[in-house]
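So the structure is just underneath, and the comments pick up after that.
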Amino acid sequence: MENQRNFSWKVAFAVLVFIPFFVTSEETTSFEQDIALLKQTLSAAHPGYARYIDEHELEGQWAALTLKSKKKSYSNLQFYTDVSRVLASLRCEHTVADLPKDLDAQKKQHFLPFTFKLFEYRMFVERSTLSTLQKGTEISHINNVPVETILSKLMPYVSIDGYTDFTKAGKIARDFDLIGSAFEQFFAPVVLGVDKYPDSFEITLRDTKGTNIKVQSIEFSKWLTLAERPYRLDFKDAVSVKFIEPSTAVLSVDTFVNYRNPVDPDLLFLSIFKELKNKSVEKLIVDLRRNGGGSDDAQIGLMRYLYNTPFQLVDGGWLSVKPLGDLAANLTSWDRAVIDFDKTVLPLETQGYRIPLNQLGISAQTIEPAEYSFEGTVVMLTADNNASASAALMAHIQKQKHVTLVGEKTGGNQGGTTASVIAFLKLPHSQISVRVPLILNRYNIDNAENGIGATPDLFVPQTLDDWLNNKDSILEHALSMKL
């Protein structure tokens, strides 16, 4: 979900690697060295390191992690899990840890044989490889642990932006950024307290008999066949339009990820909006509910066709206040500009060293509407899994008089995210890779509320009954709205 942009210092993202520089005693464990490196790097490079948590509290978390890592039986999976909990406390969705290759390979062999939806701490089968588990079947326990307990235990390990804690449930069910979901990532070490991913699961159904079923785990490739959308969907394959009636159309954009197989967003949207104009469409429903973010060029490419006046998405960007110091000598990339750049020549403000707008790329530019920008009524559909670039678009465009947001509260942060240039720090002992955002953005939104995403003008939640009956109440409300 990284919100990547063409950074004019010719750095798409910096790759951080470690060249040993610690002087350690015999009592210092390898895990402690990893912790020290991670703590120093985050506190020096991350511009939102203590944005939502007191730095003294963070010091306590690092100290507790260091103490725990001294245990002789402490495993790499336990270490990964504990690191993830510290990172989640930063409340930055882009700051997460990736499993080392060996553990990731193990996990990919041990997925639940079904996907699920969560409604108010209740778990329901969505799709399954088993005929005994149909859509809507409620799961009450897994391995004799109540679902409510499972969810409560997993929540602290899920990274979100600001105060959008309500989005954690969706990530526990599905989070392709973690290659699967937070459930698969953390259930074994957090809930079961084991160091290996289970070959099978004991499932208890919430029925009159409390039926127990033992199910075998499946491979990630098979689990993906149950998913509602392709894994790592690209922007070029994520855009479609449907004409509902003579004056109404639905435009779906399921991701803004345009950096794996990039296309020109303007060329993609041009033919669609030409057709909307030729068919005299007066109401356009823009469905972004499956869009978790992605690239600036795709995000702004859509905005050009929805705005009727010039706009600017971002009006500020900052680097961290603290100097990298000796860490800079241990950081490498194919272009060291962002690492070696002397940020102290920039104006120092409360948020950090301010980056000139002309160095922030397309997001900080004044953008003119496209020739065929839509001139009618726009109804934009929102969901709790919207984040990063999609949530920023929603919060920004909501100020336009011809736009109405309908649906659920979103993730993301209208007060600005730490994203843009994402660095990767590989911890030398554990081989865990940690994503470290290097820029704090501020969106050009009047009276932006820090720590929350977009709040719809018309709140329409997806209910359990709607889901069970394949009813799309959010879309129905949008269709019923008068021009």
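Read the figures in this text as sums done on the coordinates, not as results from a lab. These figures come from a predicted structure and were not determined experimentally. Methodologically, a virtual Cβ is constructed for each residue, glycine included, from the backbone with ideal geometry; neighbour enumeration extends over all protein chains shown.
Taking amide hydrogens as modeled 1.01 Å from N in the peptide plane, which residues meet the under 5 Å criterion relative to G453, leaving out close sequence neighbours?
It is T410, Q414, by chain and number.
How many percent of Cα pairs in region 144-190 exceed 15 Å? Don't jump to the answer; show the numbers that get you there.
On the way: 407 of 1081 pairs.
When every Cα pair of region 144-190 is considered, 38 percent fall beyond 15 Å.
Rounded, prolate or oblate: which fits region 198-352 when a ≥ b ≥ c are the square roots of the eigenvalues of the alpha-carbon gyration tensor, with rounded for a/c under 1.5 and prolate only if a/b beats b/c? List each step's numbers first, then the result.
Numbers: a/c = 2.44, a/b = 1.11, b/c = 2.19.
Oblate shape, in that a/c is at least 1.5 and b/c is the bigger or equal ratio.
Applying the Karplus parametrisation 6.51 cos²θ - 1.76 cosθ + 1.60 with θ = phi - 60° to the phi angles of region 123-138, what ³J(HN,Hα) value in whole Hz is obtained for each residue in order, glycine and proline being reported as x?
In residue order, the calculated couplings are 10, 10, 4, 9, 9, 8, 8, 10, 5, 6, 10, 8, 4, x, 4, 8 Hz.
Could you give the C-alpha radius of gyration of region 103-224 expressed as a fraction of 2.2 N^0.38 Å, taking N as the number of residues it contains?
So the Cα radius of gyration is 0.99 times the expected 2.2 N^0.38 Å.
For region 235-480, with equal point scatterers placed on the C-alpha atoms only and solvent neglected, what are the log10 I(q)/I(0) values from the Debye formula at q = 0.18 1/Å, to two decimals?
-1.40
Treat each spin label as a single point 7 Å out from the Cα along the C-beta direction, and report the L270 to E59 distance in nm.
5.8
Among F459, L251, A329, whose Cα sits farthest toward the positive end of the charge dipole of region 235-480 (+1 at Cβ of Lys/Arg, -1 at Cβ of Asp/Glu, about the Cα centre)?
Result: A329, furthest along the dipole toward the positive end.
Restricting the count to DSSP beta bridges whose residues both fall in the chain, what percent are antiparallel, rounded to a multiple of 5?
Working: 43 of 63 bridges.
Of those bridges, close to 70 percent are antiparallel.
If you look at just the Cα atoms of the chain, how large are its Rg and its Dmax in Å?
Final numbers for Rg and Dmax: 23.1, 76 Å.
Under unit Cβ charges (Lys, Arg +1; Asp, Glu -1), what dipole magnitude, rounded to 20 debye, does the chain have relative to its Cα centre?
It comes to approximately 560 debye.
Grab the Cα-Cα distance for S73 and Q431, subtract it from 0.36 nm times how many residues apart they are, and report the gain in nm with one decimal.
That works out to 127.1 nm of additional length.
What Kirkwood Rh does region 400-483 have if only Cα atoms enter the pairwise 1/r average? Answer in Å.
Computed over region 400-483, the radius equals 16.3 Å.
For the ranges 361-368, 49-56, what's the packing order if you count other beta-carbon atoms within 10 Å of each residue, average per peptide, and put the highest first?
In descending order of packing, they fall as 361-368, 49-56.
Take the alpha-carbon positions of region 172-261, form their convex hull, and give its projected area averaged over all directions (one quarter of the hull surface) in nm². Display every interim value, and only then the final one.
On the way: hull surface 39.5 nm².
Projected area, direction-averaged: 9.9 nm².
Any of K117/K277; K236/K409; K117/K482; K108/K135; K107/K135; K236/K277 with alpha carbons more than 30 Å apart? Name them for me.
Checking Cα-Cα distances, K117/K277; K117/K482 exceed 30 Å.
Tell me, in nm to one decimal, what length is gained between L458 and N261 on full extension, where the rule is 0.36 nm per residue of separation less the Cα-Cα distance? Let's see the in-between values first.
On the way: separation 197, 0.36 × 197 = 70.92 nm, distance 3.53 nm.
Between L458 and N261, full extension yields an extra 67.4 nm.
How far apart, in nanometres, would the label points at S221 and F424 be if each is projected 7 angstrom from Cα along the Cα-to-Cβ direction?
2.3
Work from the charge dipole of the chain (Cβ charges, +1 for Lys and Arg, -1 for Asp and Glu, about the Cα centre) and give the residue of C92, Q134, L313 farthest towards its positive end.
It is Q134.
Rounded if a/c is under 1.5, else prolate if a/b beats b/c, else oblate: with a ≥ b ≥ c from the C-alpha gyration tensor eigenvalues square-rooted, which is region 344-420?
On the way: a/c = 3.11, a/b = 1.56, b/c = 1.99.
It comes out oblate by the Cα gyration axes.
Give me the one-decimal nm value for the distance between modelled label points at K153 and R122, 7 Å along each residue's Cα-to-Cβ direction.
2.3
Working out 0.36 nm times the residue gap between A105 and V345, then minus their Cα-Cα distance, what length gain in nm do you get to one decimal? Can you show the working numbers first?
Details: separation 240, 0.36 × 240 = 86.40 nm, distance 4.49 nm.
Difference between extended and current length: 81.9 nm.
Report, for region 235-480, the % of DSSP beta bridges that are antiparallel, rounded to 5.
55
Pick out, from L226, T377, V421, the residue whose Cα sits farthest towards the positive end of the charge dipole of the chain, with +1 on the Cβ of Lys and Arg and -1 on the Cβ of Asp and Glu.
Positive-most Cα among the choices belongs to L226.
Over region 348-483, what is the percentage of antiparallel beta bridges among all DSSP beta bridges, to the nearest 5?
Of those bridges, close to 55 percent are antiparallel.
For region 103-224, what does the relative contact order come out to in percent, with C-alpha contacts under 8 Å and a separation of six or more?
Over region 103-224, the number comes to 32 percent.
Go through 225-231, 249-255 and give me the packing order, highest mean Cβ count within 10 Å leading.
The most tightly packed comes first, giving 249-255, 225-231.
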